[in-house]
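The values are calculated or read from the model by the stated rules, or taken from the named source; none is laboratory data. Here the structure is a predicted model, which means the values were calculated and not measured. In this analysis, Cβ positions are derived from the backbone assuming ideal geometry, glycine residues included, and neighbour counts consider all displayed protein chains.
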Amino acid sequence: MKLNYDVLIVGSGVAGLNTAMHLPEDKDVLVLSKDYAWECNTFFAQGGIAVASDKEDIPLHVKDTLNAGAGHCNKEAVELMCSEGPKAIKDLIDSGFQFDTDEKGDLLYTKEAAHSTNRILHAGGDATGRELHLFLMESLKFPILYNTQVIDLLIKDDICYGVEVFHDDKIFNIYAKKIVIASGGVGSLYEYHTNSRTISADIHGICCEHGIELKDMEMMQFHPTVFVQSTAVRKQLLSEALRGEGAKVVDEDGKRFLFDYDERGELSPRNVVSEALYEHREKTGKAIYLDVSSFETEHFKKRFPSIYFNMKNLGFNLPEDMIPIFPAFHYAIGGVKTNFDAKIETIKDIYFVGEVASVGVHGANRLASNSLLEGLVYSKRVANDITKTFTCKKSNLVFTCKEVTLVKDGDKTLKNELRNLMWQSAGIVRYEEKLKKALNRVEEMLELSTGKLIRLRLLTSRIIIQSALRRKKSLGAHYIRGENKV
Ligand SMILES: Cc1cc2nc3c(=O)[nH]c(=O)nc-3n(C[C@H](O)[C@H](O)[C@H](O)COP(=O)(O)OP(=O)(O)OC[C@H]3O[C@@H](n4cnc5c(N)ncnc54)[C@H](O)[C@@H]3O)c2cc1C
């Protein structure tokens, strides 16, 4: 097997595949995927891709993103995403990707919470991620190595030379002149989440081991409308577009209580709705539902086919039945601190792009459907930068593979304990005392003789908790209550 490439891309979601799409064909590129290619968050994205519908909408898109981000965004990064977004979408369409259109062939834009205009493009109704992923996979001109998990970065004298991987029961190194990390977020750290099973914070943990800076790690986003009662590990998301198009949040008495928390009701930003659901249940003990009965049945089936069928399999007859909902972990706003070309200050020849990165576009709270756009815009910048700066020279340094045990007996029990600890302590509502206790427990677990994979989860959890403890006041997705409650 060939072990030396021009470019190595870790991750087969939108950020990884779109980087590949924009790299010239004469480059020798390999894409690594931890599992099947479609086991990524991109594949499960429902609502769509936010993009300014015309030139006049660009400043509005910037404004909405900054507002949702609660003053914590990097304005320049947001402006870049919103202004380069239309071109990134045009590239996709020109290459043959089909968004949903009306009978005349005009693009259909929908609305989602906290957007002031209709600017969400979608495909396959509510299967935007699946359609996009399929398209990017079909367009992929480079090989992809499945079931390959990166377990370390090969770094010497502040240069990255490649990655250490676990594949086919073997551990070995793959080298490249440029390494692109597009490994997604941290979903599996939490007991309740909407993420793919491959999203388990390995790379964040590896970054902690190498002293690579992670930013805004307290900013973890919880999606308010999730059917959390299913037994599956990945909980069924009920897209924000449902609320954007008329679905209502009610309690068991039929009360639309969101207006007690924010005058925008169902169209409030994600964090506001998640916190309102949490508080309402805490105060009243009442069950909470998503009511989609205002949709006409045939329209619902056509507009939200995936949700319709997935919920049917779970025993729900939509749009008639009310769906019990509660927030679940959804998106890692924080990540590896990068510049606008997805580079980091300390190490050369490595890029971090997509959900794994924190370039600053989401601030303290991601605006709905901005994440796929971020992935498209910034991955194209990565490809351009690689093309511009590529040189054939790089030393033939060889790294010795370390003796490492990835999983030990007892790790699964620790993993489940950690997932519960993170959900209870670093979840929707945080208390200082609970965070401190959680930190102590994580430190204790880090002292145990565990396999490497759980250690990487623990390192990432530790930095999330530490960041949450450092931020004393609530901001965006980080909601910390003054009084201690243990
Ligand atoms: C249910 C759901 C619905 C969503 N809906 C929307 C939406 O409508 N609009 C929107 O903008 N955003 C949405 N999001 C968010 C968005 O889908 C993600 O933020 C985005 O797809 C992330 O893309 P990515 O390429 O960075 O990561 P991913 O698509 O998650 O891909 C990560 C890749 O890295 C691989 N990987 C991970 N660790 C390793 C490792 N150690 N070694 C090798 N490979 C590794 C994974 O296998 C995977 O291939 C949604 C998310 C979810 C979960």
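Looking at (1) polar (S, T, N, Q); (2) surrounded by fewer than 24 Cβ atoms within 10 Å (Cβ to Cβ); (3) within 14 Å of the ligand (Cβ to nearest atom), find the lone condition where N396 falls short.
(3)
Are any of the residues in the stretch 207-218 over 27 Å from L458 (Cβ atoms) and not in a loop (DSSP other than H, G, I, E, B)? I'd like the intermediate steps shown before the answer.
First, the residues of the stretch 207-218 that are over 27 Å from L458 (Cβ atoms): none.
Taking every residue of the stretch 207-218 in turn, none turns out to be over 27 Å from L458 (Cβ atoms) and not in a loop (DSSP other than H, G, I, E, B).
Regarding the stretch 116-125, can at least one residue be identified that is within 11 Å of the ligand (Cβ to nearest atom) and not in a loop (DSSP other than H, G, I, E, B)?
Looking only at the stretch 116-125, we keep the residues that are within 11 Å of the ligand (Cβ to nearest atom), and these are 120-123.
Narrowing the set further to residues that are not in a loop (DSSP other than H, G, I, E, B) leaves 120-121.
Checked the stretch 116-125: at least one residue is within 11 Å of the ligand (Cβ to nearest atom) and not in a loop (DSSP other than H, G, I, E, B).
From the list F97, F135, which residue is in a helix (DSSP H, G or I), aromatic (F, W, Y) and over 19 Å from the mean Cα position of the chain (by Cα)?
Numbers: F97 fails: in a helix (DSSP H, G or I).
Of the residues listed, the single one that is in a helix (DSSP H, G or I), aromatic (F, W, Y) and over 19 Å from the mean Cα position of the chain (by Cα) is F135.
Given the options T391, T413, T387, name the one that is more than 26 Å from the chain's Cα centre (by Cα), in a helix (DSSP H, G or I) and either modelled with pLDDT of 95 or more or loosely packed, with under 14 Cβ neighbours inside 10 Å (or both). It would help to see each step written out before you state the result.
Working: T391 fails: in a helix (DSSP H, G or I); T413 fails: more than 26 Å from the chain's Cα centre (by Cα).
Only one candidate qualifies: T387.
Condition (residue is more than 8 Å from the ligand (Cβ to nearest atom), within 19 Å of the chain's Cα centre (by Cα) and more than 24 Å from A201 (Cβ to Cβ)) applied to the stretch 10-20: is it met by at least one residue?
No: zero hits.
Looking at the stretch 203-218, is at least one residue of a type in the set (D, E, K, R) and within 9 Å of the ligand (Cβ to nearest atom)?
Taking the stretch 203-218 as the starting set, the residues that turn out to be of a type in the set (D, E, K, R) are 209, 213, 215-216, 218.
The next check asks that each one be within 9 Å of the ligand (Cβ to nearest atom); those that pass are none.
Within the stretch 203-218 (the criterion being of a type in the set (D, E, K, R) and within 9 Å of the ligand (Cβ to nearest atom)), the answer is no, since none of the residues qualifies.
Given the residues N173, N195, which is the only one that is within 9 Å of the ligand (Cβ to nearest atom) and either in contact with a His (Cβ under 9 Å, 6 or more places away or on another chain) or not assigned by TED's automatic domain parsing to the domain that holds I325 (or both)? Talk me through it step by step, then tell me what you get.
Values: N173 fails: within 9 Å of the ligand (Cβ to nearest atom).
Going through N173, N195 in turn, the sole match is N195.
Taking the stretch 436-461 only, how many residues are under 21 Å from Q149 (Cβ atoms), touching a helix residue (DSSP H, G or I) at 6+ places or on another chain (Cβ under 8 Å) and not hydrophobic (A, V, I, L, M, F, W, C)?
Number satisfying all stated conditions: 6.
I'd like to know if the stretch 303-315 contains one or more residues that are of a type in the set (S, T, Y), in a strand (DSSP E or B) and modelled with pLDDT of 95 or more. So that I can check it myself, show each step before the final result.
Let us first name the residues in the stretch 303-315 that are of a type in the set (S, T, Y), namely 306, 308.
Subset that is in a strand (DSSP E or B): none.
Taking every residue of the stretch 303-315 in turn, none turns out to be of a type in the set (S, T, Y), in a strand (DSSP E or B) and modelled with pLDDT of 95 or more.
Got a sec? Which of C73, C82 is within 16 Å of the ligand (Cβ to nearest atom) and assigned to a helix (DSSP H, G or I)?
Numbers: C73 fails: assigned to a helix (DSSP H, G or I).
Answer to the selection: C82.
Please work out which residue is nearest to the chain's Cα centre (by Cα), limiting yourself to the stretch 416-434 and to residues that are assigned to a helix (DSSP H, G or I) and either surrounded by fewer than 19 Cβ atoms within 10 Å (Cβ to Cβ) or among the hydroxyl-bearing types (S, T, Y) (or both). So that I can check it myself, show each step before the final result.
Within the stretch 416-434, the first condition is being assigned to a helix (DSSP H, G or I), and the residues that meet it are 416-425, 432-434.
Among the residues that remain, those that are also either surrounded by fewer than 19 Cβ atoms within 10 Å (Cβ to Cβ) or among the hydroxyl-bearing types (S, T, Y) (or both) are: 416-417, 420, 423-425, 432-433.
Numbers: N416: 21, E417: 23, N420: 20, W423: 17, Q424: 20, S425: 20, E432: 26, E433: 28 Å.
The selected residue is W423.
Provide a single number: the residues in the stretch 155-167 that are away from the ligand (no atom under 14 Å from the Cβ) and surrounded by fewer than 21 Cβ atoms within 10 Å (Cβ to Cβ).
Within the stretch 155-167, the subset away from the ligand (no atom under 14 Å from the Cβ) is 155-161.
Subset that is surrounded by fewer than 21 Cβ atoms within 10 Å (Cβ to Cβ): 156-159.
Going through the stretch 155-167 one residue at a time, the tally reaches 4.
For the stretch 16-70, name all the residues that are among the hydrophobic types (A, V, I, L, M, F, W, C), under 24 Å from L242 (Cβ atoms) and assigned to a helix (DSSP H, G or I).
Scanning the stretch 16-70 gives F43, F44, L60, A68.
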